[in-house]
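Please read the structure below before turning to the comments.
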Amino acid sequence: MKIKQPRILVIEDNKCDRDLLLHILNSLETECVVECVNSGRIGVEHLRKESFDLVILDLSMQKFDGFQVLKDIRDAKDKAFPVLLVSSFTNKEDKVQGLELGATDCINKPYIIEEVRARVQIQLKLRQILKDVQWASEKTNAGIKMLYKELDKKNKQLQEFDRLKDEFLGNVSHELRTPLTIIRESISQIVDGLIGDVPEKQKQYLSRALANIDRLKNIIDNLLDISKIEKGRVELYKEKVDLVALIKDICADFQTKAAAQNLELRYELPEDEVYVLIDMEKTIQVFTNLIGNALKFTKKGNITISLKEWEDFVQCEVADTGMGIAAEHLPQLFNKFKQFSRTHSPGEKGTGLGLTIAKSIVELHGGNIHVESREGKGTTFIFTLPKYCQRRLVHEENIDYRR
Amino acid sequence: MKNKSRFLIVDDDDGDLTLMRNAIETAGFDADVYVAKNGEQGVEMVDDLKPVTVIVDTNMPGINGFETCSLMKSRDKVNIQVIICTGVVDAVDAGKARASGADGYCVKTSNYEALINEIKSMF
C-alpha cells in the first residue's frame, strides 16, 4: 500500500476560478485527489462525512457568508486539516479575521500560479508531517501498552511460581519433620541407655548425631515458620509479660555459650518491671535469633541487650562488637535466604531465615525492626514491641494480626 | 482456483521466525507463510512471491529493517503491506518506520498478539 494520496476539497462558486485552481492542483508535485463543490453548505456536509487533508475556501461567494462557512467547517470531526482562504481581500481586515477564525493561510485573487502552488504544497507537506508524527506516536503508545500488559502477565506468573515454591517448601518441611522426630527419639533412647548398655565411644558418636539432628530440626522449623508466616497462618497468643524478666531469662540461657567464646553477654535494663503485650514464645524466638547471630559474628568484645521505654511501646536493642555488615548489603538483610560474607567459617551457616522470621514476628506485633551497622565496628538490631496497657487491650480485639 | 495469499517474514533469528510463523498460522489467516533470513533475501523474494503482507524485523545483519522496507516499497507495481516488528518500542524508530514507507509498526511480545492485531487491522 502506498501512502494515501492527499485529498483536497475546493469550495468555490466561481467556475473560472475553480477551473484555474483545478489546473494548478493537478500540476502539483504531489499527486492529489481533488473534489470541488460550489456551495458552502455542501462543503460543510462533505467535511462532516469524509476527511480531507486540505480545504481551499473562497471567502467571497455570492450566496454564502465565507466567514460563517469557515466557522462551520471548523466544527468538523477531524479539525486538524488546514484551510486556505482565497479572496481578492479588498478589505484588509478580512485576512486577520479569517486567520483568527482558524484559517491556516490566505491567497490573494487574482491568482499567481506559482504562489498558489507553493502555498498548497507547504500545507500538504505540513499535514503529512503531522500525520506521520501522529502515526508514530500511536504505534509507540500501542507498543508500550502491549509491553506493560506482557510485563503484568509475567509478574503474575512469577507471583504464582513464588506461591508454589512457598507451598512446596512448607509441605516438604512438614513431611521431613515427622521421620526426623522418630529418628531423634530412637537415638535418644539408645543414648539414654533405655535399650541396653551402650559403650562410651558409641555414645559419643550418637550424641554427635543427635546434636546434628537438632540442627536439622531447627532448620526445618525455621522453614515451616516462614511458610506459615507467608501464608498468613500465624496467630499470636498475646499475654502480659514482664520484658525485663524475660530478657534476663533469655540471657541466662546464652551465658554458657558466650563464655565459651570469651564474649561478655550483658544487659542494660530498667530496674522496675516493664509490661508488654506479646506472644512470649515468638518474642523469645526474635531475641534468640538476634543473640544467636551476634554470637556467631562476634570474635571479641561484648553483646549488649538494652531496653528503652516510650509512651506506647518499648524499644529493644541487641548490639554486638562484631565484624559488621557492608552498607550495600543492609537493604536486603531481612530478605529470605540472604546470607552475606559476614560468615567467615563455613560451619557457621544457617538457613538465612532467622532475620526474616524475626522481622515478621516483630511486624505481626505491630512493631518494626531495623539495623545499624558499621563494618569492623559492630551491628545493632533495634526493634519495638507494644507496651501493655488497658486501653490497648480493649482496642486490639478488633484487629486481625494475620496481615 | 483462487491462489492463497502469501505472507513473508524477514528475520535473522530462527526462534523468532518459527514463533511468528506459528502465531500467524494459529491466528487463522488463509495464507501461506514464507520466511527470509535477511533483508536482501527478503527483497528478492518479494519480487518472486508477490506476497500481500511482509513482516520485517528491525535489527538484522546487512541491511536493516527500515532499509529493507524502503527497498521493497520502491519496487514499482508491488502492492505490499509492510509491518515492521521490533523488540524495542521507540518513537524515533516508529518515525523511521513511517519514513521508510511501512504500513505498520508493532512490538514483539511473547505471543505476538501485537503483530496479529496489526495484521488484522490491515484487512
Subject >> Where A:Ile195 falls short, out of the listed (1) in a loop (DSSP other than H, G, I, E, B); (2) without any contact (Cβ under 8 Å) to a residue 60 or more places away in the chain; (3) surrounded by 15 or more Cβ atoms within 10 Å (Cβ to Cβ) >> reply: (3)
**OP:** Could you tell me which numbered condition B:Ile119 fails, if it satisfies all but one of (1) more than 11 Å from chain A (Cβ to nearest Cβ); (2) crowded, with 21+ Cβ neighbours inside 10 Å; (3) not in a helix (DSSP H, G or I)?
**Re:** (3)
Subject >> Matching option when the condition is surrounded by 12 or more Cβ atoms within 10 Å (Cβ to Cβ) and either over 21 Å from the mean Cα position of the chain (by Cα) or within 30 Å of B:Asp103 (Cα to Cα) (or both), among A:Ile182, A:Ile190 >> reply: A:Ile190
Subject >> Selection count, the stretch B:50-72, where residues are within 11 Å of another protein chain (Cβ to nearest Cβ) and crowded, with 21+ Cβ neighbours inside 10 Å >> reply: 1
Subject >> Those residues of the stretch B:100-113 which are crowded, with 22+ Cβ neighbours inside 10 Å and at the interface with chain A (Cβ under 7 Å from one of its Cβ atoms), in sequence order >> reply: B:Asp103, B:Tyr105, B:Cys106, B:Val107
**OP:** Out of B:Thr109, B:Thr53, report the one residue that is at pLDDT 90 or above and either at positive phi or hydroxyl-bearing (Ser, Thr, Tyr) (or both).
**Re:** B:Thr53
Subject >> Pair list, Cβ under 6 Å, 6 or more apart: the stretch A:6-21 residue under 14 Å from A:Val34 (Cα atoms), other residue open to solvent by less than 40 Å² (accessible area, probe 1.4 Å) and in a strand (DSSP E or B) >> reply: A:Ile8/A:Val34; A:Ile8/A:Leu54; A:Leu9/A:Val55; A:Val10/A:Ile56; A:Ile11/A:Val37; A:Ile11/A:Leu57; A:Glu12/A:Asp58; A:Leu21/A:Val10
**OP:** Would you check if A:Thr283 is touching a residue at least 40 places away in the same chain (Cβ under 8 Å) and under 22 Å from A:Thr356 (Cα atoms)?
**Re:** yes
**OP:** State whether one or more residues within the stretch A:255-264 are open to solvent by 30 Å² or more (accessible area, probe 1.4 Å), at pLDDT below 85 and among the β-branched types (Val, Ile, Thr).
**Re:** no
**OP:** Would you please list the contacts, defined by Cβ atoms under 7 Å and residues six or more apart or on different chains, that run from a residue in the stretch A:117-136 that is away from chain B (no Cβ under 14 Å) to a residue that is in a helix (DSSP H, G or I) and not β-branched (Val, Ile, Thr)?
**Re:** A:Val120/A:Leu25
Original post:
Filtering the stretch A:1-32 down to residues that are open to solvent by 60 Å² or more (accessible area, probe 1.4 Å) and within 30 Å of B:Ile55 (Cβ to Cβ), which residue is nearest to the other protein chains (Cβ to nearest Cβ)?
Top reply: A:Met1
Original post:
Could you list, in sequence order, the residues of the stretch A:59-78 that are out of contact with any helix residue (DSSP H, G or I) (no Cβ under 6 Å at 6 or more places or on another chain) and open to solvent by less than 10 Å² (accessible area, probe 1.4 Å)?
Top reply: A:Gly66, A:Leu70
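Yes/no matrix, rows are residues, columns are (1) touching a helix residue (DSSP H, G or I) at 6+ places or on another chain (Cβ under 7 Å); (2) under 23 Å from A:Ser360 (Cβ atoms); (3) at pLDDT 90 or above; (4) not in a strand (DSSP E or B):
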| position | (1), (2), (3), (4) |
| --- | --- |
| A:Lys228 | no, yes, no, yes |
| A:Lys248 | no, no, yes, yes |
| A:Lys282 | yes, yes, yes, yes |
| A:Ala319 | no, yes, yes, no |
Original post:
Taking the stretch B:75-99 on its own, how many of its residues are within 13 Å of the chain's Cα centre (by Cα) and more than 7 Å from chain A (Cβ to nearest Cβ)?
Top reply: 7
Subject >> Pick from the stretch A:33-58, criterion buried (at least 16 other Cβ atoms within 10 Å of the Cβ) and assigned to a loop (DSSP other than H, G, I, E, B), ranking: nearest to the other protein chains (Cβ to nearest Cβ) >> reply: A:Asp53
Subject >> Selection status of A:Arg184, more than 14 Å from chain B (Cβ to nearest Cβ), assigned to a helix (DSSP H, G or I), under 30 Å from A:Arg74 (Cβ atoms) and in contact with a helix residue (DSSP H, G or I) (Cβ under 6 Å, 6 or more places away or on another chain) >> reply: no
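Yes/no per residue for (1) part of a helix (DSSP H, G or I); (2) open to solvent by 60 Å² or more (accessible area, probe 1.4 Å):
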position	(1), (2)
A:Asp94	yes, no
A:Leu99	yes, yes
A:Ile107	no, no
A:Ala118	yes, no
A:Gln134	yes, yes
A:Gly143	yes, no
A:Tyr148	yes, yes
A:Asp152	yes, yes
A:Asn155	yes, yes
Original post:
Considering only strands (runs of 3 or more DSSP E) fully contained in the stretch B:1-116, which possess at least 3 residues that are touching a residue at least 40 places away in the same chain (Cβ under 8 Å) and not aromatic (Phe, Trp, Tyr)?
Top reply: B:5-10, B:53-57
Original post:
Cβ-Cβ below 8 Å, separation at least six or inter-chain, first residue in the stretch A:268-279 and open to solvent by 40 Å² or more (accessible area, probe 1.4 Å), second among the aromatic types (Phe, Trp, Tyr): which pairs?
Top reply: A:Tyr275/A:Tyr388
**OP:** Please verify whether the stretch B:76-85 includes one or more residues that are of a type in the set (A, V, I, L, M, F, W, C), in contact with a Lys or Arg (Cβ under 7 Å, 6 or more places away or on another chain), open to solvent by less than 10 Å² (accessible area, probe 1.4 Å) and farther than 24 Å from A:Lys149 by Cβ.
**Re:** yes
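The values are calculated or read from the model by the stated rules, or taken from the named source; none is laboratory data. The structure presented is a predicted model; accordingly, all values stated were derived computationally and were not measured. So basically every Cβ, Gly included, is an ideal-geometry build from the backbone, and we count neighbours across all protein chains shown. Note: areas computed on protein heavy atoms with side chains; ligands, DNA, RNA excluded. Shrake-Rupley method; radii C 1.70, N 1.55, O 1.52, S 1.80 Å.
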